[in-house]
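To keep things clear, I will list the structure first and then write my remarks on it.
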Amino acid sequence: MQRAQKQVHNMPCLSSWTKPPVGMTNCNVHDATFHNNSIIGYGICFQNHLGRLLISKSDFLLSSATVLDAEAIALLESLKMATTSGMHQVLFETDCKTLVETFVP
């Protein structure tokens, strides 16, 4: 992933991370596509209410996928991680509005 060339857009970041409530875990999911969407990469991190990193993962797949597909794959992987780690109260966060609107009425 470090060798892949991604265009950099200098735009101000308007969001900030907020700690989850006590007893909850926060999971942030993000993806990226490279080489005309032939490679997708994603990152996942779980943090507790103190902001402490609990577990994380990054990976890539050689796959022809849309940005929505890539974000869905990353979210699925985060759900698997939460389940296998015994997490029960998790807030999942993504910046993919279409994915959120698909699952949250």
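The values are calculated or read from the model by the stated rules, or taken from the named source; none is laboratory data. Quick caveat, the model's predicted, so the values are computed rather than measured. Cβ coordinates were reconstructed from backbone atoms using ideal geometry, including for glycine residues, and neighbour counts include every protein chain displayed.
Scan T98, T66, T94 and give me the residue that is closer than 10 Å to C27 by Cβ and modelled with pLDDT under 85.
On the way: T98 fails: closer than 10 Å to C27 by Cβ; T66 fails: closer than 10 Å to C27 by Cβ.
Residue meeting the stated conditions: T94.
Considering each residue of region 61-80, count those that are among the hydrophobic types (A, V, I, L, M, F, W, C) and buried (at least 17 other Cβ atoms within 10 Å of the Cβ), and give that number. Steps first, answer last, please.
Going residue by residue through region 61-80, those that are among the hydrophobic types (A, V, I, L, M, F, W, C) are 61-62, 65, 67-68, 70, 72-76, 79.
Those left that are additionally buried (at least 17 other Cβ atoms within 10 Å of the Cβ): 65, 70, 72-75.
Final tally of qualifying residues: 6.
Among the listed residues L76, L91, identify the single one that is part of a helix (DSSP H, G or I) and within 14 Å of the chain's Cα centre (by Cα).
Working: L91 fails: part of a helix (DSSP H, G or I).
On inspection, the qualifying residue turns out to be L76.
Do we find that F92 is more than 15 Å from F34 (Cα to Cα) and aromatic (F, W, Y) in this structure?
Details: more than 15 Å from F34 (Cα to Cα): yes; aromatic (F, W, Y): yes.
Answer is yes for this residue.
Can you give me the number of residues within region 33-47 that are surrounded by 18 or more Cβ atoms within 10 Å (Cβ to Cβ) and either more than 8 Å from the chain's Cα centre (by Cα) or on the phi > 0 side of the Ramachandran plot (or both)?
Qualifying residue count for the region: 6.
Take S85 and tell me if it is surrounded by 16 or more Cβ atoms within 10 Å (Cβ to Cβ), closer than 18 Å to N48 by Cβ, at pLDDT 75 or above and hydroxyl-bearing (S, T, Y).
no
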